[in-house]
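Trainee: Below is one structure. I have some questions about it.
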Amino acid sequence: GDEYSKNKRYDLAIQSYTLAIKLDYWIRNREDQTLAYVGRAKAYSQTGAYEKAIADFEEAAAVSSNEVYNSLGAEYYVPLAVTYFKMGKYDSARSCFLEAESYYGILDNMDAEAYLARGITNYYYSMNHEELRFEYIDDDFRKVIALAPGSSLAVEAEQYRQKLRQNR
């Protein structure tokens with residue numbers, strides 16, 4: 001499943017992870033089963049099947065031992081946050097980003113999509129809460145532009161940077 005996901009073959013990734021989940025269920029390998037649920041959740045999120053993605057993230061947490069769950073760290077919370085963001089559930093997305101940061105410290109190695117999701121989520125949060133600093137939100141947008149120059153993500157990040165400066 002991981003190789004298919006890397007190559008953006010999400011349909012095949014979902015099939016592969018589903019097979020792994022079924023096999024791991026019978027041999028009771030909680031770690032592999034947890035990782036397969038998280039992998040399939042990420043693939044579902046990429047295809048727009050957000051409800052299925054959320055269900056798999058929840059199942060991963062349910063079948064996981066504390067040791068496995070804790071070792072997942074940002075691998076669990078950041079994609080879950082991005083999925084909530086894509087669903088327009090900004091409060092849930094923000095909670096997941098904060099959860100990841102509370103357990104694992106500053107998240108400074110995310111991909112452009114995750115930085116954009118966190119930046120936009122915090123942008124909307126900051127409209128009603130003054131405790132978020134401009135620089136913190138703007139930094140996420142600058143990281144998107146640096147990681148994915150010329151992409152649609154970078155264009156959107158620049159648009160939000162402009163909005164952020166206007167509302168400052």
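The values are calculated or read from the model by the stated rules, or taken from the named source; none is laboratory data. Note that this is a predicted model, so its numbers are computed, not measured. Backbone-built Cβ (ideal geometry, glycine too); neighbour counts: all protein chains shown. Heavy atoms of the whole protein, side chains included, go into the accessibility calculation; ligands, DNA and RNA do not. Shrake-Rupley method; radii C 1.70, N 1.55, O 1.52, S 1.80 Å.
Trainee: When only residues in region 23-74 that are under 20 Å from Arg94 (Cα atoms), among the polar types (S, T, N, Q) and modelled with pLDDT of 70 or more count, which is surrounded by the fewest Cβ atoms within 10 Å (Cβ to Cβ)?
Mentor: So, considering only residues that are under 20 Å from Arg94 (Cα atoms), among the polar types (S, T, N, Q) and modelled with pLDDT of 70 or more, the one surrounded by the fewest Cβ atoms within 10 Å (Cβ to Cβ) is Gln46.
Trainee: Additional query: If you scan region 117-161, which residues turn out to be part of a helix (DSSP H, G or I), more than 17 Å from the chain's Cα centre (by Cα) and among the basic types (Lys, Arg)?
Mentor: Within region 117-161, Arg142, Arg161 meet the criteria.
Yes/no per residue for (1) open to solvent by less than 70 Å² (accessible area, probe 1.4 Å); (2) modelled with pLDDT under 85; (3) of a type outside the set (Asp, Glu):
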| residue | (1), (2), (3) |
| --- | --- |
| Gly88 | yes, no, yes |
| Tyr104 | no, yes, yes |
| Glu113 | yes, no, no |
| Thr121 | yes, no, yes |
| Asp139 | yes, no, no |
| Ser152 | no, no, yes |
| Gln166 | no, no, yes |
